[in-house]
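See structure below.
Each value in this text was obtained by applying a stated rule to the coordinates, not by laboratory testing. Being a predicted model, the structure only gives us computed values, none of them experimental. All Cβ positions, glycine included, derive from the backbone under ideal geometry; neighbour counts span all protein chains shown.
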Amino acid sequence: MKILVIGGGGREHAIIRKLKESPRVNAIYAAPGNGGISKDAQCFGLAATDIKGVVSLAKELAVDLVFVAPDDPLVLGLVDALEAEGIRAFGPNAAAAIIEGSKVFSKDLMQRYGIPTAGYAVFENAESAIAYIKEQNSYPTVVKADGLALGKGVIIAENEAEALSAVNSIMSDRIFGESGSRVVIEEFLTGPEVSVLAFTDGKTVKPMVSSKDHKRALEGDRGLNTGGMGTISPNPFYTDEIAQECMETIFLPTINAMAQEGRSFKGCLYFGLMLTPKGSKVIEYNCRFGDPETQVVLPRLKTDFVDIIDAVIDETLDKIDIEWQDSACACVIMASGGYPSAYPKGLTIAGLDDKGQLEGATVYHSGTALKDGEFVTNGGRVLGVTATGESLEAALQKAYAAVDKIKFEGAHYRKDIGR
Ligand code: AMP
Ligand code: GLY
């Protein structure tokens, strides 16, 4: 098979590495890919959101499958465009991707179908949102932009001033653009967070092994929200009992609700959960693999990834057994100094071999480029340094030992991943 993977981060690198293990695959291409990915796949300099460009590239390369990894092309309908041309694609169509594309949609869906989530209200203008916040007068409160915002559209406000400033920056200043034309004001929940990625063909849902992201920029869960500073799998808080509860109250009801709405979801559905004192609740849905969750989940997959992709597309997921390694995996993100705010690019990365790797770990490249044959930084999140071990402790030790050997100016990483 020839496969084209759309996207250019650490998640896509992990997907490509796993696809390469399949004896069924003989060529992998990526658009746009990145410096590190170019060592594993031929890269084409095309934006993931260039729908027409991707369709023509897929035709030109005569690929057997296009794997669409990021949220924005999915929400924009890349899978619909590919299928319209008879090209096989992995990922939900636009009608289903709205589960991530609009928080108003997903909250209303959960409310209609009785799926547990935080209480909420939706506002179309700043004045009514502000009036509601003042009337509720309960803090912390959570302010969310409706649309996609690179994982940064959620503000936890500790007091009235912060809440009003959040509403104003989202709705009046439009710091997230059109994503802020509506806001969701949400009840603040507490408890451990769990990420569960699940394969689904619209009828059957098969959750993958669980993971835990560390979203804040600084140790001790302080600082700004980021795309994710590190992950571990499995998530120690997610017991078999909780998994069973989530299957009954969240996973199956969500798949069935989407089917009933005429928005059957095929692909990877990401359940962002919070294990609250009142049971497990949905914090968010994503219409795709998580980043950096994928970097710790896929290494543990034993079953041929391509067989699972086929089963999702052909709606035969009920017929396939998916096996996982009984190991632990840890990923530490090395980010550019300043991330998630402004950061420099083009800094030389020392410590990697010519394949962008390092003995004892797997280095998934998130934001790197090749300059005169050398790896340089080219994004906020730069590398996901990942290791597998018999225990979480062993995996973390290996990952951090590798992190110690990689250097670039201003490199920033959290020392408490998995702690
Ligand atoms: P989201 O982008 O929706 O995943 O939100 C980003 C992060 O904000 C989540 O991972 C949570 O840590 C936090 N968060 C979102 N919604 C809530 C909520 N209702 N209560 C408490 N924390 C929340
Ligand atoms: N790591 C969080 C996300 O992929 O949305």
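Assorted remarks:
- Distances between placed amide hydrogens fall under 5 Å for Leu189 paired with no residue 5 or more residues away or on another chain.
- Estimated [θ] at 222 nm from DSSP helical runs (n ≥ 4, -39500 (n - 2.57)) normalised by residues in the chain, nearest 500: -7500 deg cm²/dmol
- Point-charge dipole on Cβ atoms (K/R +1, D/E -1) for region 316-419, about Cα centre, debye to 20: 500
- Share of pairwise Cα-Cα distances greater than 18 Å in region 86-180 is 51 percent (whole percent).
- Region 337-388: C-alpha gyration tensor shape, a/c 1.5 cut-off, then a/b vs b/c: oblate
- Cross-link pairs Lys355/Lys407; Lys18/Lys407; Lys215/Lys415 - those with Cα-Cα distance over 22 Å: Lys18/Lys407
- Placed amide H near Phe375: partners under 5 Å, 5+ positions off or other chain: Ile349
- Hz values of 3J(HN,Hα) by residue in region 202-208 - Karplus curve (6.51, -1.76, 1.60), Gly and Pro given as x: x, 10, 9, 10, 10, x, 7
- Gyration tensor verdict on the chain (Cα atoms; rounded if a/c is under 1.5, prolate if a/b is larger than b/c, oblate otherwise): rounded
- Exposed loop sites were defined as chymotrypsin sites (Phe, Trp or Tyr not before Pro) in DSSP loop states (anything but H, G, I, E or B) carrying at most 15 other C-beta atoms within 10 Å; in the chain the longest segment without such a site runs 1-187.
- Positive-pole candidate from Ala395, Thr294, Gly33, dipole of the chain, charges at beta carbon: Gly33
- Amide H contacts under 5 Å for Ile87: none, restricted to partners 5 or more places along the chain or on a different chain, H placed in the peptide plane at 1.01 Å from N.
- For region 347-419, convex hull volume per residue from C-alpha positions, Å³: 79
- Most to least packed among 92-98, 155-161 [average Cβ atoms within 10 Å]: 92-98, 155-161
- Stokes-Einstein diffusion coefficient of region 220-301, Kirkwood radius over Cα pairs, 10 °C, 1.306 mPa s, in µm²/s: 110
- Think of each Lys and Arg Cβ as +1 and each Asp and Glu Cβ as -1; about the Cα centre, that makes the dipole of the chain roughly 580 debye.
- Estimated vicinal HN-Hα couplings, Hz - region 70-77 in sequence order (Karplus 6.51, -1.76, 1.60; Gly, Pro = x): x, 5, 5, x, 5, 5, 6, x
- Region 317-419: GluC sites (Glu not before Pro) in DSSP loop, at most 12 other beta carbons within 10 Å: Glu323, Glu359, Glu390, Glu409
- For region 216-346, a simple Cβ point-charge model (Lys and Arg +1, Asp and Glu -1, everything else neutral) yields a dipole of about 740 debye relative to the Cα centre.
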